[in-house]
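**Q** First, the structure itself, so that you have it in front of you.
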Amino acid sequence: MQPEKEELLKKDIDKFLKDFGHLSDSGNDCSSIPWRESPDLIRRMIVQQRIDNDNHQPQLFQDLELPLGKRILTGILFRRTSRFVVDREKISSLYTYGYGQFRTCFAKLGEQLVKQGVLDDKEDVYFLYWSELVELVDAQQPEPQQALVSSRRQEIEYYRKVVVPEIILGSEQPPVVKGVHGELHGIPTSLGTYSGPARVILGIEDFEKIQEGDVLIIPFADVGWTPLFAKAGAVVSESGGILSHTSIVAREYRIPAVVSVSGACQLEDGIRITVNGYNGDITLSTWESDE
């Protein structure tokens, strides 16, 4: 790349991070590391990003094959709802930006607790309850919390691979089930079928794992996950519905999508799977893997 173009690209990326650096894995979780705290990773993603315009053309209203009567009615609804899209996105953007400011406050609090010897790392502040943090702030000589943090970290790791049941009836806790058992099935929300290697992405630290044509396996999707869809051949999500972020973006990229697939993120990286965006079936080919 020519030096002047490289410098121009650097300025554009810096401006992008200034405007959107507050985005993270989840706009509803202030413990998620925002893009501005991992600028090198974001820069690499932007530079390496390749979009096949032939395969990822946006779906336009005029391209829909609808009967004349339904086209007229749908067109009226489409034009009315389109007027509010910008307003919705403005509110969503403001909410995400505002919620992300909590991280700044907790990070400063975590730094102070580290200086006092209460915590080993500022990120450990997220393993404590709000009431516990208030007590630590009010105490003249706060007690060390390393043992409690370690215990809760182990508990989170234990439950990380638990398959959450779709329905819980009554007050009794259902048995803990780990791993993927039997057939995988979910809600089809973007039509089509596709076979390819599964790539499990749990957070921003995994973003560089995805290769062109992989089947994107995610626990959920937020606005910050959108760049991943440009490389994916299909997407499978453990959560979501017909109007979830995963489903909407998948339809925009015209790739098959199946959501609400319990245990999807327990799939082995590289295993070849087939995603059926018509009936919601996920077929595993356990004998074939790219690893």
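The values are calculated or read from the model by the stated rules, or taken from the named source; none is laboratory data. Small disclaimer: the values here were computed from a predicted structure and weren't measured. Here the Cβ is made from the backbone with ideal geometry for all residues, glycine too, and neighbour counts use every protein chain on show. SASA here: full protein model, heavy atoms, side chains in, ligands and nucleic acids out. Shrake-Rupley method; radii C 1.70, N 1.55, O 1.52, S 1.80 Å.
**Q** Students often check this: by mean Cβ neighbours within 10 Å, which of 218-224, 138-144, 192-198 ranks highest, and how do the rest follow? Intermediate results must be reported in sequence, preceding the final value.
**A** Values: 218-224: 20.6, 138-144: 10.0, 192-198: 18.4.
Descending mean neighbour count gives 218-224, 192-198, 138-144.
**Q** Another question about this same structure. With springs only between Cα atoms under 10 Å, which of E155, E183, E172 fluctuates most in a Gaussian network model of the chain?
**A** Answer for the Gaussian network model of the chain: E172.
**Q** Under a point-charge model restricted to the Cβ atoms of Lys and Arg (+1) and Asp and Glu (-1), what is the dipole moment magnitude of the chain relative to its Cα centre, in debye to the nearest 20? Walk me through the numbers on the way to the answer.
**A** Values: 31 positive and 44 negative charges, 246 e Å.
Result for the chain is approximately 1180 debye, rounded to the nearest 20.
**Q** How much net charge surrounds K115 when only other residues with a Cβ under 14 Å from its Cβ are counted (Lys, Arg +1; Asp, Glu -1)? Working shown, then result.
**A** Working: positive: K108, K122; negative: E111, D120, D121, D124.
It works out to a net charge of -2.
**Q** Which entry in (1) 61, 38, 34; (2) 113, 40, 26; (3) 74, 56, 43 matches Cα extents along the principal axes in Å derived from the coordinates of this structure?
**A** (3)
**Q** Then there is this: Determine the per residue accessible area of the range 70-224 with all protein chains present and a 1.4 angstrom probe, expressed in square angstrom.
**A** With all protein chains present, the range 70-224 gives 68 Å² per residue.
**Q** Would you check the chain for Lys pairs whose C-alpha atoms are within less than 14 Å, ignoring same-chain pairs closer than 8 in sequence, and give me the count?
**A** Working: K10/K18; K108/K122; K161/K178; K209/K231.
Lysine pairs, 8 or more places apart or on different chains, close enough: 4.
**Q** May I pose another question? Return the carbon/sulfur percentage of the accessible area of the chain, one whole number, probe 1.4 Å, all protein chains in place. Intermediate results must be reported in sequence, preceding the final value.
**A** On the way: 10150 of 18230 Å².
It is 56 percent, rounded to a whole number.
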